[in-house]
Amino acid sequence: MINKWIRIVGSFLSIACLSGLFLLSCCSKTRVSSNLFNQWMQSSDKIKVLSTVAMIDDIVRQIGQEKVLHMSLISGQIDPHSYEMVKGDDEKLRMATIVFYNGLGLEHGASLSNHLLNHKNAIALGDVVARLVPKEIIYIDRTVDPHIWMDISLWSLIIDPIVQEFSRLDPESAEFYKNNGKNLLEAMQRMDKKIYHAMHEIPSSQRYLVTSHDAFNYFTRAYLANPDEEYWQSRVNAPEGLAPDGQLSSSDIQYIVNFLLEKHIRTVFPESSVNRDALNKIIHDCQKKGLKVHMASSSLYSDSMGGKDSGASNYLDMMWYNTSTILSEWEKN
Ligand SMILES: [Zn+2]
């Protein structure tokens with residue numbers, strides 16, 4: 001883990017040199033409160049930041065604090081992979097001083113993707129991370145895995161590009177943004193270590209994870225694998241691919257059933273933004289083979305964060321919520 005953070009910190013030094021960040025845009029079908037939306041539309045003296053997903057919006061909030069107006073385009077338990085623009089999104093996009101999105105193929109709904117690519121002031125933060133630490137990016141069957149927020153050390157790399165942009169737009173407050181970014185980085189480093197140690201309370205032979213879709217590869221590599229483990233991918237599996245689409249064959253189901261049998265896994269984890277049908281079918285098929293597998297009592301948060309009283313309403317709480325949920329299910333077994 002030390003080596004990982006050395007690589008990450010090293011990349012911070014080069015971030016300041018980045019320019020020409022990718023363009024993008026936004027839209028919205030969000031459930032942003034009318035109050036916030038009115039503030040956004042009426043204010044002219046604050047930086048208006050539109051982020052596609054809540055995981056970015058929360059980092060923006062912590063760096064910009066009271067000096068920025070921030071909104072997430074895709075909020076609630078909505079799948080960002082296939083999100084298409086709805087009425088009102090154009091307006092938010094047009095009003096935004098700056099738009100942040102994940103990129104790496106996450107926001108691939110055609111209407112949103114087109115707007116992001118043609119927006120004058122949009123930055124694909126995941127693409128920035130990929131340029132800084134290309135070897136850390138995971139590919140599944142030659143397709144890039146966009147879920148980089150699942151490894152806190154990687155997600156911390158979006159801090160500096162955001163600080164840089166805010167400082168460029170509001171130079172008088174540059175020190176403010178820099179200090180907030182520094183404090184946030186320290187909090188992220190603490191949580192990164194905490195999650196690693198919590199997950200390693202589970203014996204290596206039982207440290208496996210089955211979820212709804214392929215959102216936990218980065219999490220598995222960072223927190224479930226042993227140091228420098230070559231075959232860490234054998235610790236994680238999901239019936240649906242990098243983007244959940246509900247198109248599953250019986251062989252997809254059987255593949256996961258066999259994985260559960262082979263690794264003696266008793267629990268599968270639903271995700272808050274993904275349909276549970278595939279996992280229910282897997283459990284049913286396992287029962288027919290005499291294998292007792294159950295659905296975890298709480299959903300994991302993968303592509304979205306929780307609501308106000310969920311315990312997962314900000315990024316670091318969400319990461320700890322997932323960790324606690326996995327740990328408590330293991331303790332039950
Ligand atoms: Zn996903």
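The values are calculated or read from the model by the stated rules, or taken from the named source; none is laboratory data. Small disclaimer: the values here were computed from a predicted structure and weren't measured. Reconstructed Cβ throughout: ideal geometry from the backbone, glycine too, with neighbour counts over all protein chains shown. The protein model used for the area step is the full one, side chains on, heavy atoms only, and it has no ligands, DNA or RNA in it. Shrake-Rupley method; radii C 1.70, N 1.55, O 1.52, S 1.80 Å.
Yes/no matrix, rows are residues, columns are (1) open to solvent by 20 Å² or more (accessible area, probe 1.4 Å); (2) part of a helix (DSSP H, G or I); (3) in contact (Cβ under 8 Å) with a residue 40 or more places away in the chain; (4) under 24 Å from Asn102 (Cα atoms):
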site	(1), (2), (3), (4)
Asn275	yes, no, yes, yes
Cys286	no, yes, no, no
Leu316	yes, yes, yes, yes
Ile326	no, yes, yes, no
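Residue pairs whose Cβ atoms lie under 9 Å apart, separated by 6 or more positions or on different chains, with the first residue in segment 223-235 and on the phi < 0 side of the Ramachandran plot and the second open to solvent by 90 Å² or more (accessible area, probe 1.4 Å) and outside any loop (DSSP other than H, G, I, E, B), are Pro227/Asn3. Here Val268 clears all of (1) of a type in the set (Val, Ile, Thr); (2) in a strand (DSSP E or B); (3) within 17 Å of His147 (Cα to Cα) except the condition numbered (3).
Residue count for segment 234-251, restricted to those that are away from the ligand (no atom under 13 Å from the Cβ), out of contact with any strand residue (DSSP E or B) (no Cβ under 8 Å at 6 or more places or on another chain) and closer than 24 Å to Ser304 by Cβ: 1.
Is segment 301-310 home to any residue that is of a type outside the set (Ser, Thr, Tyr), closer than 28 Å to Met55 by Cβ and within 15 Å of the ligand (Cβ to nearest atom)? Break it down into steps so the answer makes sense when it comes.
Start the filter on segment 301-310 by keeping residues that are of a type outside the set (Ser, Thr, Tyr), which leaves 303, 305-309.
Checking the rest, the ones that are also closer than 28 Å to Met55 by Cβ come to 303, 305-309.
Okay, now just the ones that are also within 15 Å of the ligand (Cβ to nearest atom), so 303, 305.
The answer is yes; a qualifying residue exists.
Okay, residues lined up against (1) within 16 Å of the ligand (Cβ to nearest atom); (2) touching a His at 6+ places or on another chain (Cβ under 7 Å):
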residue: Arg190; (1), (2): no, no
residue: His197; (1), (2): no, no
residue: Glu201; (1), (2): no, no
residue: Leu209; (1), (2): yes, no
residue: Ala215; (1), (2): yes, yes
residue: Tyr218; (1), (2): yes, yes
residue: Ala225; (1), (2): no, no
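Only residues that are touching a His at 6+ places or on another chain (Cβ under 7 Å), within 16 Å of the ligand (Cβ to nearest atom) and open to solvent by 30 Å² or more (accessible area, probe 1.4 Å) were counted across segment 83-112, and they come to 1. Out of everything in segment 295-313 that is more than 17 Å from the chain's Cα centre (by Cα) and within 13 Å of Ile326 (Cα to Cα), what residue ends up being most open to solvent (accessible area, probe 1.4 Å)? Once the filter is applied, the top-ranked residue is Ser297. When segment 230-265 is filtered for residues that are modelled with pLDDT of 90 or more, open to solvent by 30 Å² or more (accessible area, probe 1.4 Å) and outside any helix (DSSP H, G or I), the ones remaining, listed by number, are Glu230, Tyr231, His264.
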